[in-house]
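Undergrad: This is the structure I want to talk about, given as structure tokens.
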Amino acid sequence: MNPGANLALKKLASQSSVSQWSAGVDIQTDASFANDGILDRSDREYGNHTAEERNPWWQVDLGEPFILNAVRVYNRRTHAERLQRFTILTSLDGEHWDSVYRKGDSSIFGPLGDGSLTVELSAAPLARWVRIRLDGDQPLSLRECEVFGRLPSIDEARHGQARAEVSKAAAAEFDRGRTGYRINVGGFEIFADEERYSPAILGAFGRNDYEGRERDVLKEIIRPNDRILEIGTAVGVVTMTAASAVGAAQVATYEANPMILADARRNFTHNALAGIKAFNAVLMNRTKWGGPDENVDFYVSRDFWSSRMAASIDDEDIVEVVQVPTLCLEEAIAAHQANFLICDIEGGEVDLLLDADLSGLDTILIETHYWAIGKAKTARLLRKLAYDGFDIDLDWSGHHVTLLRRDLSD
């Protein structure tokens, strides 16, 4: 690839913060060290340096809109692991941002070669601003960032502006009719609904530990060819973590709570992952499934993550009972050609999996729930999975999240 001239060179840059390690006294001065054309310095091995914070960012104003072809990020050689996961965002107005690339895997670049990662932008967005956002709780320190592209034709500029207006309207729709705020959880912007989500859930969002264990495991062990079936979508953060690694088309997810599934679908669309297949249904194994016309009661908790089938309307936390259609687990696995199952259904895992035919799967990531079903039933399920040929991978299992794989080997 011959990218051409670096559009970002010595253009006006900014960043989210400065720190004691910053060479510049303010955010513009420090940010300018990441696009001044100097890769190797005599006094330090990085250009800019933000504070340690949630999702820090660096951005550059290209001065006018360009059709962007690629962004090249030069990571620092020490502490390169800080930039394992990041998102590239673009904007025409400096206010509304679109995600054009997300690095969600655990690979590290920086120590070898020239220390760069070149991201080719197949969508060729029209943009004036480019932002690099670290997805996590670390300082962001780059050696350099380069942006490549060309001036748009009249038709391309018109089309790009129209596409930006559509995107801006979709972002406004994301908020419409709800009371709350947007928040970044695990690198994905979701809506925190202050009217419908409990303080416990909002607190988990704010600490960025919502489904944190599952997200961390998935980022490390997921494979590009995995076809993933998830049971228990909730707001879709785990779903999107999987989809960002394998592609939206390779993920199917099932959620019994229709209200929360609607929120998940909006989160998928907002994060450019609308291709995830999402279904409102309770899955049952073939031995228990009553057929396509069967519906069951599902009990919605004020903490949506505690909603479940094994409950009563008299339970203190239950606020609503809804009728939900059922589907066959084995048919869902076959239809999606899934090899990887994610299951987090608040104690329903035993009834679902104990008599299920799981022969098409090679990996299961499951959250178990002693509080809901007890230790004896959970142990019985794990013995069944071992009998079926699944081994517990102790490298990634703990805190009630268990990774099981067939033919576990070194």
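The values are calculated or read from the model by the stated rules, or taken from the named source; none is laboratory data. Predicted model only: the values in this text are computed from it and were never measured. A quick note on method: Cβ atoms are made from the backbone with ideal geometry, for glycine too, and the neighbour counts reach across all protein chains shown.
Undergrad: Among LEU92, LEU62, LEU112, which is the only one that is among the hydrophobic types (A, V, I, L, M, F, W, C), touching a strand residue (DSSP E or B) at 6+ places or on another chain (Cβ under 9 Å) and surrounded by fewer than 20 Cβ atoms within 10 Å (Cβ to Cβ)?
TA: Numbers: LEU92 fails: surrounded by fewer than 20 Cβ atoms within 10 Å (Cβ to Cβ); LEU112 fails: touching a strand residue (DSSP E or B) at 6+ places or on another chain (Cβ under 9 Å).
Selected residue: LEU62, the only one of LEU92, LEU62, LEU112 that is among the hydrophobic types (A, V, I, L, M, F, W, C), touching a strand residue (DSSP E or B) at 6+ places or on another chain (Cβ under 9 Å) and surrounded by fewer than 20 Cβ atoms within 10 Å (Cβ to Cβ).
Quick grid of which residues meet (1) on the phi < 0 side of the Ramachandran plot; (2) in contact with a Ser or Thr (Cβ under 7 Å, 6 or more places away or on another chain); (3) surrounded by 14 or more Cβ atoms within 10 Å (Cβ to Cβ):
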{"site": "LYS10", "(1), (2), (3)": "no, no, no"}
{"site": "VAL25", "(1), (2), (3)": "yes, no, no"}
{"site": "ASN69", "(1), (2), (3)": "yes, no, yes"}
{"site": "ARG76", "(1), (2), (3)": "yes, yes, yes"}
{"site": "THR87", "(1), (2), (3)": "yes, yes, yes"}
{"site": "LEU117", "(1), (2), (3)": "yes, no, yes"}
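Undergrad: Kindly indicate which of ILE342, ILE366, ILE333 is in a helix (DSSP H, G or I) and either on the phi > 0 side of the Ramachandran plot or at pLDDT 95 or above (or both). Let's see the steps before the verdict.
TA: Details: ILE342 fails: in a helix (DSSP H, G or I); ILE366 fails: in a helix (DSSP H, G or I).
After applying the criteria, what remains is ILE333.
Undergrad: Tell me, please, whether a residue that is part of a helix (DSSP H, G or I) and exposed (fewer than 14 other Cβ atoms within 10 Å of the Cβ) can be found in segment 384-405. Walk me through how you get there before you give the answer.
TA: As a first pass, look at segment 384-405 and keep what is part of a helix (DSSP H, G or I): 384-387.
Remaining after also requiring exposed (fewer than 14 other Cβ atoms within 10 Å of the Cβ): 386-387.
Checked against the condition, which is being part of a helix (DSSP H, G or I) and exposed (fewer than 14 other Cβ atoms within 10 Å of the Cβ), segment 384-405 yields at least one hit.
Undergrad: For segment 122-134, what are the residues that are surrounded by fewer than 22 Cβ atoms within 10 Å (Cβ to Cβ) and modelled with pLDDT under 95?
TA: Result: SER122, ALA123, ALA124.
Undergrad: Can you pull out the residues in segment 1-35 that are of a type in the set (D, E, K, R) and within 17 Å of PRO139 (Cα to Cα)?
TA: Within segment 1-35, the first condition is being of a type in the set (D, E, K, R), and the residues that meet it are 10-11, 26, 30.
Correct list: ASP26, ASP30.
Undergrad: OK, next. Within segment 146-178, how many residues turn out to be polar (S, T, N, Q), loosely packed, with under 14 Cβ neighbours inside 10 Å and under 24 Å from LEU273 (Cβ atoms)?
TA: Residues in segment 146-178 being polar (S, T, N, Q), loosely packed, with under 14 Cβ neighbours inside 10 Å and under 24 Å from LEU273 (Cβ atoms): 0 in total.
Undergrad: Can you name the residue in segment 38-77 that is outside any strand (DSSP E or B), at pLDDT 95 or above and polar (S, T, N, Q) and, of all such residues, is farthest from ASN184 (Cα to Cα)?
TA: Per the stated criteria, the residue is ASN48.
Undergrad: Taking the residues in segment 89-128 that are farther than 18 Å from ALA248 by Cβ and among the β-branched types (Val, Ile, Thr) as candidates, determine which candidate is farthest from the chain's Cα centre (by Cα).
TA: THR118
Undergrad: Please go through segment 345-363 and give me each residue that is part of a helix (DSSP H, G or I) and under 24 Å from the mean Cα position of the chain (by Cα), ordered by number. Talk me through it step by step, then tell me what you get.
TA: Filtering segment 345-363 down to residues part of a helix (DSSP H, G or I) leaves 349-353.
Matches in segment 345-363: GLU349 only.
Undergrad: How many residues does segment 277-301 contain that are of a type outside the set (Phe, Trp, Tyr) and in contact with a Phe, Trp or Tyr (Cβ under 9 Å, 6 or more places away or on another chain)?
TA: Applying the first criterion (of a type outside the set (Phe, Trp, Tyr)) to segment 277-301 yields 277-278, 280-288, 290-297, 300-301.
If we keep only those that are in contact with a Phe, Trp or Tyr (Cβ under 9 Å, 6 or more places away or on another chain) as well, we get 278, 280-283.
The qualifying residues number 5.
Undergrad: Please work out if ALA278 is assigned by TED's automatic domain parsing to the domain that holds ASP355, of a type in the set (A, V, I, L, M, F, W, C) and in contact (Cβ under 8 Å) with a residue 60 or more places away in the chain.
TA: Numbers: assigned by TED's automatic domain parsing to the domain that holds ASP355: yes; of a type in the set (A, V, I, L, M, F, W, C): yes; in contact (Cβ under 8 Å) with a residue 60 or more places away in the chain: no.
No.
Undergrad: If you don't mind, another one. Being closer than 17 Å to ARG76 by Cβ and not in a loop (DSSP other than H, G, I, E, B) is the filter; apply it to segment 14-31 and report the residue that is nearest to the chain's Cα centre (by Cα).
TA: Selected residue: GLN15.
Undergrad: Oh, and also: Do you know which of the residues in segment 282-323 that are crowded, with 17+ Cβ neighbours inside 10 Å and aliphatic (A, V, I, L, M) is modelled with the lowest pLDDT?
TA: Going through the qualifying residues, I end up with ALA311.
Yes/no matrix, rows are residues, columns are (1) assigned to a loop (DSSP other than H, G, I, E, B); (2) more than 23 Å from the chain's Cα centre (by Cα); (3) within 17 Å of ILE88 (Cβ to Cβ):
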site	(1), (2), (3)
ARG131	no, no, yes
GLU144	no, yes, yes
PRO152	yes, yes, no
ALA169	no, no, no
PHE174	no, no, no
ILE183	no, no, no
TYR197	yes, no, no
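Undergrad: With (1) of a type outside the set (S, T, N, Q); (2) under 14 Å from the mean Cα position of the chain (by Cα); (3) in a helix (DSSP H, G or I) as the list, and ILE201 as the residue in question, which single condition is left unmet?
TA: Only one criterion is unmet by ILE201, namely (2).
For every residue, the table says whether it meets (1) surrounded by fewer than 17 Cβ atoms within 10 Å (Cβ to Cβ); (2) out of contact with any strand residue (DSSP E or B) (no Cβ under 6 Å at 6 or more places or on another chain); (3) not assigned by TED's automatic domain parsing to the domain that holds THR402.
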| residue | (1), (2), (3) |
| --- | --- |
| GLY186 | no, yes, no |
| ASP193 | no, no, no |
| TYR197 | no, yes, no |
| ALA200 | yes, yes, no |
| LEU218 | no, yes, no |
| ILE222 | no, yes, no |
| GLY232 | no, yes, no |
| VAL238 | no, yes, no |
| VAL251 | no, no, no |
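Undergrad: State which residue pairs qualify: first residue without any contact (Cβ under 8 Å) to a residue 60 or more places away in the chain and inside segment 105-120, second residue loosely packed, with under 15 Cβ neighbours inside 10 Å and not in a loop (DSSP other than H, G, I, E, B) in any location, beta carbons under 7 Å apart, and separation of 6 or more residues or different chains.
TA: Matching pairs, first to second residue: ILE108/GLU81.
Undergrad: Of all residues in segment 78-99, which are over 18 Å from ASN35 (Cβ atoms), in a strand (DSSP E or B) and aliphatic (A, V, I, L, M)?
TA: Listed by number, the list is empty, since nothing qualifies.
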